[in-house]
Amino acid sequence: MKGVNDLKHRKLLALSLNFQGEIKHDIDASVLFALGKELNDLNQLYSQYQEVLLQLEILVKEYEVKERNIRSGILSRSLRKLVREGQTGVDLRTVINSFNSCAR
């Protein structure tokens, strides 16, 4: 997925507004109206994009915290206990390496 470039968005808006101001007397009013409407729509889409991006950032952080809790707080603790007590016939190195690979 390609993100929306904030700098390009602001530059396009500034250029369009400047364009509208400089040539408003030399261009058909319907073209200016269409440009204004499209710019308004573009701004609304950009605002929606920013909101969704913020929600995605929050979800990613929540996911990372939950994943770390499962890996470190629950699974690793249980594995360490099993190793201390020697109560497993499973090759724990393989299991531990698998958990550690999730952290990378």
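So which residues in the stretch 17-34 are at pLDDT below 85 and either aliphatic (A, V, I, L, M) or within 29 Å of the chain's Cα centre (by Cα) (or both)? Reasoning before the result, please.
If we filter the stretch 17-34 for residues that are at pLDDT below 85, which is where we start, we get 17-29, 31-32.
Correct list: Leu17, Ile23, Ile27, Ala29, Val31, Leu32.
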The stretch 29-44 - residue that is surrounded by fewer than 11 Cβ atoms within 10 Å (Cβ to Cβ) and not basic (Lys, Arg) and, of those, farthest from Cys102 (Cα to Cα): Ala29
Do the conditions hold for Asp26, that is, is it farther than 30 Å from Ser98 by Cα, without any contact (Cβ under 8 Å) to a residue 24 or more places away in the chain and surrounded by 10 or more Cβ atoms within 10 Å (Cβ to Cβ)? no
Looking for whichever is part of a helix (DSSP H, G or I), of a type in the set (D, E, K, R) and open to solvent by less than 70 Å² (accessible area, probe 1.4 Å) here; the options are Arg71, Arg10, Arg77. Which one fits? Arg71
Return only the number of the condition from (1) assigned to a helix (DSSP H, G or I); (2) farther than 30 Å from Asn100 by Cα that Arg84 does not satisfy. (2)
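The values are calculated or read from the model by the stated rules, or taken from the named source; none is laboratory data. Note that the structure is predicted; figures quoted are calculated from it, not measured. No Cβ is skipped: glycine too gets one built from the backbone with ideal geometry, and neighbour counts run over all protein chains shown. What goes into the accessible areas is simple: the full protein's heavy atoms, side chains included, and nothing from ligands, DNA or RNA. Shrake-Rupley method; radii C 1.70, N 1.55, O 1.52, S 1.80 Å.
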